[in-house]
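Trainee: Before I ask anything, let me first share the structure, which is written out below as structure tokens.
The values are calculated or read from the model by the stated rules, or taken from the named source; none is laboratory data. Keep in mind that this is a model prediction, so the values were computed, not measured. Cβ: placed from backbone, ideal geometry, glycine included. Neighbour counts: every protein chain shown.
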Amino acid sequence: MKKIFLGLTLAGSLLMNAQEKEQPATSKSPVRFGVKAGFNASTFSDSNNEYSDYNEKVKLGSHVGVFVNIPVAEKFSVQPELLFSQMGSKTEEKYTYMSVSDAYLIRQEFSYTTNLNYLTLPMMVQYKILPQLYVEAGPEFGYLLGGKSKGDQKTENTFGGTTTVSSNSFSNKIPMELYKRFNFGIGIGAGYYFTQNFGVTARFTAGITGLFKNNDYNNKIRNNALQIGVAYQFK
């Protein structure tokens, strides 16, 4: 993760240097480079698994990266971004297995957090309602770098009228072979700049593609994330 943050910082520095070299000191280019950071409130869409009971909750994460704002008309601009973004969800999951004679019963409860790390490329089209206020919409392309699942498991075994209970905790890297590396979503948002350089941003991105490679109910599980943060544009 440190390498990713270092890479994003280096990318921002290169963008700034490129802007300074290409533009004379007295020139005021409408193209603005900047950096942004903030937190994510993400969750998965419901899986609707007929064999278990799911309850998805919001997981907090963060995002950080660089962007370039390119005006294309008086009130319209295009803003490509390169972000490191943490997504995922908190999940409560329950399974029940019962024998035909009802003599054997197993109940399992899982409570875990899935953390997914993405390198994302949002391509936002922005419209200025006011000089300081804009709204935006556009696609977001993501590449899964890795992740981890961490939580607790509780199991109740009932046989012949006797019930035994066991519990344990787990922390594992996600099985990358089961996940789709590429993620696609649609984002809508808004932002407000208090000065020419400093502003606040908000964006909701709804996942379009499923998280998993197989073609059963898991394809109904998608990323959804609300991002709130700050942005700084360089002169």
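Trainee: Yes or no: region 164-174 includes at least one residue that is closer than 30 Å to Asn69 by Cα, touching a residue at least 24 places away in the same chain (Cβ under 8 Å) and of a type in the set (S, T, N, Q).
Mentor: No, every residue in region 164-174 fails to be closer than 30 Å to Asn69 by Cα, touching a residue at least 24 places away in the same chain (Cβ under 8 Å) and of a type in the set (S, T, N, Q).
Trainee: Ok, one more. In this structure, does Gln126 turn out to be surrounded by 14 or more Cβ atoms within 10 Å (Cβ to Cβ) and more than 30 Å from Gln196 (Cβ to Cβ)?
Mentor: Against the criterion (surrounded by 14 or more Cβ atoms within 10 Å (Cβ to Cβ) and more than 30 Å from Gln196 (Cβ to Cβ)), Gln126 does not qualify.
Trainee: Turning to a different aspect of this structure: Determine which member of the set Pro24, Pro30 is at pLDDT below 90 and either closer than 21 Å to Gly199 by Cβ or assigned to a strand (DSSP E or B) (or both).
Mentor: Pro30
Trainee: Quick check on region 62-77: of everything there that is closer than 22 Å to Ile228 by Cβ and not aromatic (Phe, Trp, Tyr), which residue is farthest from the chain's Cα centre (by Cα)?
Mentor: Looking at the filtered set, the residue picked out is Ser77.
Trainee: Can you list the strands (runs of 3 or more DSSP E) lying wholly within region 52-108 that have 1 or more residues being at pLDDT 95 or above and surrounded by fewer than 20 Cβ atoms within 10 Å (Cβ to Cβ)?
Mentor: Strands (runs of 3 or more DSSP E) meeting the threshold: 59-71, 76-98.
Trainee: Looking at the structure I just gave you, is Arg222 among the basic types (Lys, Arg), within 19 Å of Val58 (Cβ to Cβ) and touching a Pro at 6+ places or on another chain (Cβ under 9 Å)?
Mentor: no
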